[in-house]
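Every read-out reported here was derived from the displayed coordinates using simple, explicitly stated rules and does not represent laboratory data. Since the model is a prediction, treat every value here as computed from it, not as a measurement. All Cβ positions, glycine included, derive from the backbone under ideal geometry; neighbour counts span all protein chains shown.
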Amino acid sequence: MNLHLAENIRTLRKEHRLTQEQLAEVLGVTVGAVYKWEAKLSTPEIGLLVEMADFFGVSVDVLLGYTLKDNRLEATIQELRRVIHTKDPDWVLAAEKALKRFPNHFEIVYRCAILYQVFGMEQGDKKMLRRALELLENTRWLLPQNRDPQIDEHTLYGKIAETYFSLEEEDKAIELWKSHNSAGIYNDRIGYTLALKENPPKEAEEFLSEALLANHASLICIVMGYTNLFLRRKDYSSAQEILIWATTTIAGLKEPGRSCSLDKVNAALFALLAYCQLLNEHPQAGKDSLYQAWKLAEEFDKTPSFDATTIRFINNAGPASVYDDMGATARESVEKVIESCENSQLNDLWKELTKHEKHLS
């Protein structure tokens, strides 16, 4: 049986911003005793364990770091997964039964909280949403048990904020999202919620702009990732389709008549699209796409701009720039893509284009 008492005492003490001296004073013990507990040199007596758990607001088994090993645990988790996917009408019974069996197991409590949140939002049931809040608050203390890298304190508070939003307590939701907005993960939620107000504050647009700017960069990474995945599978049609969708979407974010970093990105994507079309035995389409890549690169390099405000709907108060690692110029970006494709037909088409580029201009 593995216990994590020493680590938990130290973690909970720091979470409550206490020194070893202050915790010792609270519990009526010496500083040396607290030091030995945290150094795994001794263990508190049972009475002190109960007192400490009560002081920190956790159960004794959570303080000990003890997780019950029971074959029923995995079966219970699978049952909770089943009821949320099948919309089982008896989901409340399943959730409460699971909580009675494993009241201090992080994954059980978290999954039950999500059940109450999801069904509460779908049915507009505030009682269910309040139960979701209660369970989500409990998961904060059980977080040391968590083994899912996609769940941390910020995501837990994000779920709590979502629940407040569903309860029509938007101010509480915004406050939580703002205070746990690590790397801007909740910019979209904050901007959206602020924009719902009768007189939306200026910061609503600022948050939405930051979200759009971050997500346009994510979109490019996702598209490139999918394209590489499809190419490795020799699924040239899917690679072609996602690139057509991406170039159209990205072009729609450009302010008309202004040089924009998106032109540089699209020039590279059109070159990659040309490669996929050639592999898919669409030579004329490939030639047309490569010409589009050349044309975009030429236009951008004449008056390059990396100003984020050239992207439609971006309206930040301060200056912001967009960067990429495709090359110093749009032309370099296109040629870098062509070189990486190692395709003689694509190379020959590019040489033909650049040979006659003065005529094309």
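Taking the number of Cβ atoms within 10 Å of each Cβ as an exposure proxy, the fewest-first ranking of 121, 52, 128 is 121, 128, 52. Return, ordered by residue number, the residues of the stretch 109-151 whose backbone nitrogen is under 20 Å from a label point located 7 Å along Cα→Cβ of residue 72. Hits in the stretch 109-151 for residue 72 at 20 Å: 109-113. Listed values (i) 23.0, 71; (ii) 28.2, 90; (iii) 21.1, 67 include one computed from this model; for Rg and Dmax of the Cα atoms in Å that value carries the label (ii).
Name the helices (complete DSSP H segments) of the chain with a Cα length along the long axis of 30 Å or more and a Kyte-Doolittle mean of at least 1.6, or state none.
The answer is none, since no helix passes both cut-offs.
Given R₀ = 45 Å, FRET efficiency for residue 288-residue 182 by Cβ-Cβ distance, to 0.05? Between residue 288 and residue 182 the formula returns 0.55.
Computed on the chain, with alpha-carbon pairs under 8 angstrom and 6+ residues apart, the relative contact order is 9 percent.
Could you tell me the relative contact order of the stretch 108-237? Use alpha-carbon pairs under 8 Å, at least six residues apart, and round to a whole percent.
Numbers: 114 pairs, mean separation 18.2, N = 130.
It rounds to 14 percent for the stretch 108-237.
Given a Förster distance of 41 angstrom, what is the FRET efficiency for residue 92 paired with residue 39, based on the Cβ-Cβ distance and rounded to 0.05?
Details: r = 45 Å, r/R0 = 1.10.
That gives a FRET efficiency of 0.35.
Ranking 192, 116 by Cβ neighbours within 10 Å, fewest first, what do you get? Mind dumping the intermediate values first?
Details: 192 15, 116 24.
Fewest to most other Cβ atoms nearby, the residues stand as 192, 116.
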